[in-house]
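Values in this text are rule-based calculations from the coordinates and carry no lab data. Because the structure is a prediction, the values reported are computed rather than measured. Here Cβ is always computed from backbone atoms with ideal geometry, including for glycine, and neighbour counts include all displayed protein chains.
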Ligand code: SF4
Ligand code: SF4
């Protein structure tokens, strides 16, 4: 599941995002989330996501290696991050078969305070559900989020462009049932991406994906999308308005992202990684922390001189840092 989905939901119901940022800002003025991309391979072709175009580009599609994960986690901690996001910009977390092992390592790390991820739930098999139930230190898990393309097979096929509605419906219901049985308090968010005329409600979503009535299940509806600098142009979708005033640097520049290929980026947003776009890439795992920090500061300094990175110029997910 892409970072795009996470951004859209944060933007639309951004009270939570704002409060998290404010809280972090007090204790850590320049750090928010460190994204670790365990896979940039996806098993869907959502109409609101640039993954189909990215898959056809020269981007190296792969799972992050175990060494890459260890180095990314180390660097994130050394650079002062204590909150991790395992949502790829584009890609599906469960495509990496070692996902649970890596997340367990992060949960055991004494400098990591919290983490979360988004998945499309296509690979939320019983085996993966058992792995979720077995994760250590579950109190550090903020939430696990699942994005689905509507509440029926036809809408799902239209939005995700694969025939997986029944699979996803079964998987999420099974997860809820098993969490309820285990007496878990793990927060599960289920976000429905819908075309503009779809009237599905949260109540309907709860009935369809949480038949067991798991108490910590929350449904959300997302019906506004970012056109990703012109890459997405579907008549059935509603879009965010353009933003012209970007005088202050975007708050997402306080994030850092370790991609599956060993590159380091500012911002975990898919807009930053359109084919041919690299203005927010600030180095690689081989670079020193000082070098990465210098490049990071340079992006802020240029922005304050009105030189906005090309990735950010068309981005409608922009939000001014406070
Ligand atoms: S699940 Fe959809 S939104 Fe997420 S990366 Fe795959 S194609 Fe993009
Ligand atoms: S404006 Fe730039 S930093 Fe902010 S979300 Fe968009 S791409 Fe990321």
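Classify region 51-197 as rounded, prolate or oblate from the Cα gyration tensor: take a ≥ b ≥ c as the square roots of its eigenvalues, call it rounded if a/c is under 1.5, otherwise prolate when a/b beats b/c and oblate if not. Oblate, since a/c reaches 1.5 and b/c is not below a/b.
Scaled against the 2.2 N^0.38 Å expected of a compact globular protein of N residues, the Cα radius of gyration of the chain reads 0.94. Overall form of region 224-322: oblate. Here a/c, set by the Cα gyration tensor axes a ≥ b ≥ c, is 1.5 or more, and a/b is not larger than b/c. The DSSP beta bridges internal to the chain are antiparallel in roughly 25% of cases.
Every helix of 4 or more DSSP H residues in the chain counts as -39500 (n - 2.57), and over all residues that averages to -10000 deg cm²/dmol at 222 nm. Separation of region 259-293 from region 43-95 is 11 Å, based on Cα centroids. Shape verdict for region 176-249, please, from the Cα gyration tensor: rounded (a/c under 1.5), prolate (a/b greater than b/c) or oblate. Since a/c reaches 1.5 and a/b is larger than b/c, the shape of region 176-249 is classed as prolate. Placing a pseudo-label 7 Å from each Cα along the Cα-to-Cβ vector at residue 30 and residue 304 gives an inter-label distance of 1.0 nm. If a paramagnetic tag sat 7 Å from the Cα of residue 212 along the Cα-Cβ line, which residues of region 120-164 would have the backbone N under 11 Å from that point? Inside the label zone: 129-130, 133. Modelled spin labels at residue 248 and residue 234, positioned 7 Å past Cα toward Cβ, are 3.3 nm from each other. Inter-label distance, residue 187 to residue 220: 1.0 nm, where each label sits 7 Å from its Cα along the C-beta direction. Largest GNM mean-square fluctuation among 215, 182, 301, using the chain with Cα springs under 10 Å: 182. Each Cα pair under 8 Å and six or more residues apart adds its sequence gap; the mean of these over the residue count of the chain is a relative contact order of 20 percent.
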